[in-house]
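The block underneath contains the structure these notes are about, expressed in structure tokens.
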Amino acid sequence: MCGIAGFERLRDDSPVAASLASSLERRGPDGSWWTSRGTYTVVQTRLAVIDLSDRVSYPIPNESEDLWLLFNGEIYDYGSVRRDLERRGHRFATACDAEVVVHAFEEWDLAAFERLDGMFAIALIDERRDRLVLARDRFGIKPLVRTTSGPFAFSSDAVALVAAGLSQGLLAEPALAEYLAFHYIPPPETGIADLREVEPGTAVVREADGSTTEMRWSRPVFLDHAPEDAAIEDVDAALCRAVERQLVADVEVGILLSSGLDSALLLSYAVELGATPRTFTLAFTGHGDYDESSGAASLARGFGVPHETMPFQGGFADAIESIAQAFDKPFADSSAIATLQVARLARSSVTVVLSGTGGDELFAGYYRLRAHRLRGLLRLFPERLRVGQAGPVGGERRNLLRLLRGYVERLRAAELSDDVSQYLSLVASASGPEALVGSVRLDGLDLDVARRTVGERHRLSEGEPASTLRRLQEFELQSYLPGDVLMKDDRATMDVGLEGRVPFLDEALVDVARRLPDTARSNFFQGKRVLRDLARRKLPRRVSQRKRGFAVPLAALLSTRWSEEGADWISSQDSELVAPSVALARLRDGGLKATEIWALSALMAWESRLKRARAAGERVAICKQARWDA
């Protein structure tokens, strides 16, 4: 796992390259390189996982040294790809999985990406054709951003480009409206006007004349081919194989464990395959069923593996500023606080962890994906379920009544018009757009327009898929999965130099899941049906019957131990985006939900980091000019 960056060569590259290497150091603490190849200067930092020897250095060349690779990620089928390439005459200098990419590209050009099973962000300097090729894995597990104006540059981290003086770092207001609507910025937007993500499953080719083209080589599609009676056997075999391949490393591999079925299934397969991985859990002691530590510890004992639990700790300022440091886009999913802390715990013992990320997206675990089935019944709900509860103060338990009340309120706000409107209502801000828009200093924001824009961008309403479920899942695999869930995992783990792997997004398992009939994934009452059936075979009953999400008791924290510190932090901010006094007043009077208060705070913290990066970029520019003048 690594950090990569590059830019069109300058008269003096040193200050820019040094800035990028410094920004990417956390992503790759085991090695750092920068050099010029062709018309580009490139930077790479490395977290060593496969082939820990000094033979591995970046950029990695082909045999003739006219094709050079920068690489972030892991290729899980590298052994079979390598054997195929060796039969075709290619010779390898290392045992590193990354090296197969440069030879695969030499052999198959852009078609090589479809042959790779793994998570990756790639840059290839092709001196033979005087071009640069960027590519990103199918689901966007690994990050990659690029400039859209000025000198061409790319990086694993958007803010790193600002700090290096390669981006002006100006705010993109439409993207910030999307952030307020969704609490993350859906790809390919970054929140910075001249920076854009390379989209999942996409290659970007930059030619010598400065022209740039994009090729989408993979897009998630659900097919509905397999019979339901074969589903559990197919998923069983594919998930076992996924875990087997993702346990491969030259360092120790652990598992981030909750008391839910996704991570528990990964543990069961790992043990079945003969591994004894360390497991790690965060405890929210005293916070009711937010605390999954006892269930996770019980699972670990049952499978006979070593287990570590760490209590949730830290204040409001530490939490919000750690998010801003780790995340290069505004990010308001509060579970990132917990992910950062459990990642630090795991990094003290292992270099790689598996997580259950992707199970809900692939197998339709979320309530919102089947809420359209309820629309005809909503008028039968008692009136007490139709009244929303405002304010940050909340109880310690996530119960069905509270969940149902919140859903009904947002469904009513959408006027039950159609499946798409209903879905967008469920993923919207819980307090309503007016409350959030009134807390920011940006004119003309329309969160309803922002939601529709994102839906159109990812074709939520296009075509005639066989079912609403598939339409919504395909949308989430292109928006929520890369923009929120995978971003959270990558930034939180890489912030501490830890590689996170996601077996549920293994190519073979994805291929099985997308061919399942809807009924194997979800029905009126339950999501992830095939995984639940599988869990009944392999896990204690109390695990297989329970849906868990990795959540933080944010409302309780903001109403108790974080209350005074949170108010002090908000009032101290000098923000051009958010009116701190308005946000503070709404924190105190309950005008905003806890999640909206957190979203505004995360936006201010990111804004502060961006300002520091702009200042650093200006210093780099001064340094470059001084060297030129000399």
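The values are calculated or read from the model by the stated rules, or taken from the named source; none is laboratory data. All values reported here derive from a predicted model rather than from experimental measurement. Backbone-built Cβ (ideal geometry, glycine too); neighbour counts: all protein chains shown. Calculation scope for accessible area: heavy atoms of the full protein, side chains included, ligands and nucleic acids excluded. Shrake-Rupley method; radii C 1.70, N 1.55, O 1.52, S 1.80 Å.
Grab the alpha carbons of segment 204-349, take their convex hull, and tell me the volume per residue in Å³.
On the way: hull volume 30.6 nm³, N = 146.
That works out to 210 Å³ per residue.
Taking N as the number of residues in segment 467-515, what is its Cα Rg relative to 2.2 N^0.38 Å? Intermediate results must be reported in sequence, preceding the final value.
On the way: Rg = 13.0 Å, N = 49, 2.2 N^0.38 = 9.7 Å.
Relative to the 2.2 N^0.38 Å estimate, segment 467-515 comes out at 1.34.
Binning every alpha carbon pair distance of the chain at 20 Å from zero, what are the percents per bin?
19, 55, 24, 1
Given the protein chains as shown and a 1.4 Å probe, how many square angstrom of ASP318 are accessible, to the nearest 10?
110 Å²
Let me have the 222 nm mean residue ellipticity of the chain computed from DSSP H runs of 4+ only, each contributing -39500 (n - 2.57), with the sum over all residues rounded to the nearest 500. Each step should come with its number before you reach the end.
Numbers: 25 runs with 258 residues, N = 630.
So the calculated ellipticity at 222 nm is -12000 deg cm²/dmol.
I'd like the accessible area for LYS538, computed on protein heavy atoms only with a 1.4 Å probe and all protein chains in place. Round to 10 Å², please.
The value for LYS538 is about 50 Å².
Over the chain, with the other protein chains present, what is the accessible area per residue in square angstrom, probe 1.4 angstrom? Intermediate values should be presented prior to the final figure.
Numbers: 23110 Å² over 630 residues.
About 37 Å² of surface per residue is accessible.
Viscosity 1.002 mPa s, temperature 20 °C: Stokes-Einstein D of segment 564-612 from its Kirkwood Cα radius, in µm² per second? Provide the component values of the computation, followed by the final result.
Working: Rh = 10.7 Å.
This corresponds to a translational diffusion coefficient of 199 µm²/s.
Across the chain, how many lysine pairs, 8 or more positions apart or on different chains, have C-alpha atoms separated by under 24 Å? Please give the number.
The result is 14.
List the GluC sites (Glu not before Pro) within segment 15-81 that DSSP assigns to loop and that have no more than 14 neighbouring Cβ atoms inside 10 Å. Let's see the in-between values first.
On the way: sites: GLU25, GLU63, GLU65, GLU74; in loops: GLU63, GLU65.
Qualifying residues, ordered by number: GLU63, GLU65.
Taking the Cβ-Cβ separation of ALA237 and ASP130 as r and a Förster radius of 41 Å, what is the calculated FRET efficiency to the nearest 0.05?
Working: r = 46 Å, r/R0 = 1.11.
So, using R0 = 41 Å, E works out to roughly 0.35.
Scattering from the C-alpha atoms of segment 65-167 alone, worked out with Debye: what is log10 I(q)/I(0) at q = 0.17 1/Å?
Listed by q, the Debye log ratios stand at -0.80.
Set the Förster radius R0 to 35 Å, insert the Cβ-Cβ distance between GLU114 and ASP209 as r into 1/(1 + (r/R0)^6), and round the FRET efficiency to 0.05. Don't skip to the answer; put the middle values down first.
On the way: r = 27 Å, r/R0 = 0.77.
About 0.85, to the nearest 0.05.
What Kirkwood hydrodynamic radius, in Å, does segment 447-587 give when the mean of 1/r is taken over all pairs of distinct Cα atoms and then inverted?
Working: mean 1/r = 0.0515 Å⁻¹.
Kirkwood radius, segment 447-587: 19.4 Å.
Over the chain, what is the mean sequence separation of C-alpha contacts under 8 Å (at least six apart), divided by residue count, expressed as relative contact order in percent? Walk me through the numbers on the way to the answer.
Numbers: 1200 pairs, mean separation 118.9, N = 630.
Relative contact order of the chain: 19 percent.
Return the percentage of antiparallel bridges among DSSP beta bridges fully within segment 189-326, rounded to the nearest 5 %. Each step should come with its number before you reach the end.
On the way: 6 of 13 bridges.
If I count the DSSP bridges inside segment 189-326, around 45 percent turn out antiparallel.
Ignoring ligands, DNA and RNA, what percent of the accessible area of segment 48-189 is carbon or sulfur (1.4 Å)? Can you show the working numbers first?
On the way: 1870 of 4170 Å².
In segment 48-189, the share of accessible area belonging to carbon and sulfur is 45 percent.
Relative contact order (percent) for segment 191-286, with alpha-carbon contacts under 8 angstrom and 6 or more residues of separation?
Relative contact order, segment 191-286: 17 percent.
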